[in-house]
Structures are given as C-alpha cells and as structure tokens.
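**Q** So that we are looking at the same thing, I have put the structure below in structure tokens.
The values are calculated or read from the model by the stated rules, or taken from the named source; none is laboratory data. Remember, it's a predicted structure, so these values are computed and weren't measured experimentally. Backbone-built Cβ (ideal geometry, glycine too); neighbour counts: all protein chains shown. Remember, those area values only see protein heavy atoms, side chains included, never the ligands or the DNA or RNA. Shrake-Rupley method; radii C 1.70, N 1.55, O 1.52, S 1.80 Å.
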Amino acid sequence: MSFFARGSRNQRTFRPKKSAPSGNKQGMQLKRHIDATLGSGNLREAVRLPIGEDLNEWLAVNTVDFFNQVNILYGTLMEFCTPATCPTMSAGPKYEYRWADGVKIKRPIEVSAPKYVEYLMDWIEAQLDDENIFPQKLGAPFPSNFRDVVKTIFKRLFRVYAHIYHSHFQVIMKLQEEAHLNTCFKHFTLFTLEFRLIDRAELAPLSELIDPIILGREL
C-alpha cells in the first residue's frame, strides 16, 4: 500500500515529512481527494469517508497527514518549548501527561514537553514504518488492531495540540500562526469526532475550543 515515504527534512519541521509516493495509485487518489476537499474550505466534507473507499485506507492516509501537520506546527515552536520553559508535558494546571510506550518504557515517566514530543514522534514513526501495522504493499490487509493503533496515535497527537494551546499560544500569536493553528486543529477535531478516535474525557483540556466546533461554529 506504500502511501507514505520519507521526504527531505525541513528545518521548521520536527521530523521528516511523510508523503504519498507516486507509485501507489490508491493512496495518491485519496491524498488528492483530501487536498481537493480541503481546498474547498469545507472541513466537515473533507473528513468524510469518500464513497466506495476502504475505511482503513482512509484512516491510514489521514494519520500520515495529521502527523505531518503536528510536525510542522511543533517545529515552529521548538526554540520556545524547551526543558527549561516546559519541564513537564502539560495542558494547563489540571492536566499532565507522562510517557510510556509499553516496550522500551513500560511504566509512565515524567519528562519535559520537548522530550515527550520527541518520544511521541519516534513512536509514531515506528508505527508508520511497521508493515505489520501500516501495510506497504497494495492490497495487503490491515491488522485486526489497526483502529486501536490509530486511536492511540490520535490521542497522543491531541496532547501536543493541548500543550501548544495552553503553553505557547502567545508565541503562536506573535508568529501570526494562530489562523493556521486553529484551522489545523479544527480539521483534526472534526476527523476524530467523525470516526470516534478519541474518548471525550481525553478532549477535556480543550473543551472550550472543541464544543463550538461540535456546534458548527468557527474557531
């Protein structure tokens, strides 16, 4: 299925972007559909499963896209999000996130926000590169736990958004990136709601932003 591959490193991107290579017809068609619907400005339409398309394929292509979006957004903040400024991965005073991947780090540990994001992006890349989870060959089956893996990826990507909004929004405004951040987050939120990828309790740190999206109001 090979719908993503490493691209060139962008200095404002936390990790090398992944994209759909031209060799995968289905993946490229889905990517073009995403770009076309996003270009129309209708984010609610953009997240819907295209008629006749496989749900897992749709989840996979979008997972790569959202991974890239968060990479770029966080990349603009790397000089401001440091172990000194953000000694814990938090989303305001009520929410703190600890890292565990169940393999190398089995018990949750407290780490700085940049270290958490580093661990997270390494972990997501490992999932995307694992052909047993994200099949590389066209027509290869997805594993039975694929949706669970995708849900964990989205849950953890949400935590990066939560940290950005709670800890770095003033910097985002100074960089004049708030409109882009809001659009990316709205797209991300609509997709997670459409496919029920994140439990509502996990969304609580940004409920003031998410509730208007659910009600159809713009950020």
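**Q** Using each residue's phi in the stretch 42-49, evaluate 6.51 cos²θ - 1.76 cosθ + 1.60 at θ = phi - 60° and report the 3J(HN,Hα) Karplus result to the nearest Hz, with x for Gly and Pro.
**A** Karplus values, whole Hz, x for Gly and Pro: 9, 5, 5, 6, 5, 8, 6, 5.
**Q** Report, in listed order, any pair from 104/155; 94/155; 115/137 with a Cα-Cα distance greater than 24 Å.
**A** 115/137
**Q** Mind listing the phi-derived Karplus ³J(HN,Hα) values for the stretch 151-164, rounded to whole Hz, using 6.51, -1.76 and 1.60 with θ = phi - 60°, and x for any glycine or proline?
**A** 4, 5, 4, 5, 4, 6, 5, 4, 4, 5, 4, 4, 5, 4
**Q** Next question, about the same structure. Could you provide, to the nearest whole Å², the per residue accessible area of the stretch 119-219 with probe 1.4 Å? List each step's numbers first, then the result.
**A** Values: 4980 Å² over 101 residues.
In whole numbers, the stretch 119-219 has 49 Å² accessible per residue.
**Q** Let me check against my output: what whole-number percent is the relative contact order of the stretch 115-219, with C-alpha pairs under 8 Å and at least 6 apart?
**A** Numbers: 45 pairs, mean separation 23.8, N = 105.
Here the relative contact order equals 23 percent.
**Q** Report the rotationally averaged projected area of the stretch 86-198 based on its alpha-carbon convex hull, in square nanometres. Let's see the in-between values first.
**A** On the way: hull surface 34.0 nm².
Value for the stretch 86-198: 8.5 nm².
**Q** Near the amide H of residue 90, under 5 Å away, which other amide H atoms are found, from residues 5 or more places off or on another chain, if H is placed in the peptide plane?
**A** HN-HN under 5 Å from residue 90: 97.
**Q** Give me the net charge of residue 94's neighbourhood, meaning all other residues with Cβ under 14 Å from the Cβ of residue 94; Lys, Arg count +1, Asp, Glu -1.
**A** On the way: positive: 159; negative: 96, 202, 208.
Net local charge, residue 94 excluded: -2.
**Q** What list of ³J(HN,Hα) values in whole Hz, one per residue of the stretch 86-93 in order, does the Karplus curve 6.51 cos²θ - 1.76 cosθ + 1.60 (θ = phi - 60°) give from phi, with Gly and Pro shown as x?
**A** Calculated HN-Hα couplings, in order: 9, x, 10, 8, 10, 9, x, x Hz.
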